[in-house]
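Derivation of every value follows stated rules applied to the coordinates shown; laboratory data play no part. Owing to the predicted nature of the structure, the values given are computational and were not obtained by experimental measurement. Glycine also receives a Cβ, built like all others from the backbone with ideal geometry; neighbour counts cover every protein chain displayed.
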Amino acid sequence: MAEVKDAGQPAGNSAQGAPAGPVFQLQRCYLKDASLELPNAPHIFLEQQSPNIDVQLEVNNSAVVDGIYEVVVRVTATAKLGDKVLFLVEGKQGGIFEIRGVPNEQFEPIVGIVCPNIIYPYLRANVADLISRTGLPPIHLAEINFEALYQQRLAQQQAQAGAAAATPTQ
């Protein structure tokens with residue numbers, strides 16, 4: 001027999017309005033911060049060589065209110081020609097996520113892998129746009145495997161915990 005849902009109730013909610021299962025949804029994606037520096041302009045525009053680019057990435061999360069979390073992906077890209085800085089760009093893309101009813105062992109992978117995967121493409125586009133507005137060719141940040149980064153971070157934490165446990169205390 002087919003199950004009939006109350007037309008006035010959102011699917012997956014009980015009569016009391018509480019979610020019937022886990023909830024995960026993006027509430028908002030926004031550019032939290034962006035900065036660009038061209039410390040050696042205009043002379044740097046006369047250079048013909050390709051710059052060396054260093055990219056640093058960081059992912060943070062914090063609770064906003066019960067069941068609502070902010071995840072921020074920050075990227076800092078520095079382009080240098082020799083010892084001269086061509087540009088320094090930093091961007092922070094934030095996302096507000098509703099995460100409820102998720103088992104504890106799944107929470108960290110969600111905020112460390114799933115959420116950054118959702119907001120990182122927006123950050124890539126914002127950084128490329130910001131750089132192209134300088135008159136320089138846009139820099140397209142590489143795709144990031146946030147699962148691999150998460151696994152590396154876990155391995156580092158476990159190694160540090162193991163080293164701390166192995167260190168004799170006096």
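Give me the percent relative contact order of the chain, please, defined on Cα pairs under 8 angstrom at least 6 residues apart.
Computed over the chain, the figure is 21 percent.
Rounded if a/c is under 1.5, else prolate if a/b is larger than b/c, else oblate: which is the chain, with a ≥ b ≥ c the root eigenvalues of its Cα gyration tensor?
It is oblate, given that a/c is not under 1.5 and a/b is not larger than b/c.
Computed FRET efficiency, Cβ-Cβ of residue 145 and residue 118, R0 22 Å: what is it to the nearest 0.05?
Values: r = 14 Å, r/R0 = 0.66.
That pair, residue 145 with residue 118, gives E of 0.95.
Could you check the spin-label model distance between residue 84 and residue 152? Points 7 Å from the Cα along Cα→Cβ, value in nm.
Distance between label points: 3.2 nm.
I need 115, 29 ordered by Cβ neighbour count within 10 Å, fewest first.
29, 115
Could I have the simple spin-label model distance between residue 58 and residue 128, label points 7 Å from Cα toward Cβ, reported in nm to one decimal?
Distance between the two pseudo-spin positions: 2.5 nm.
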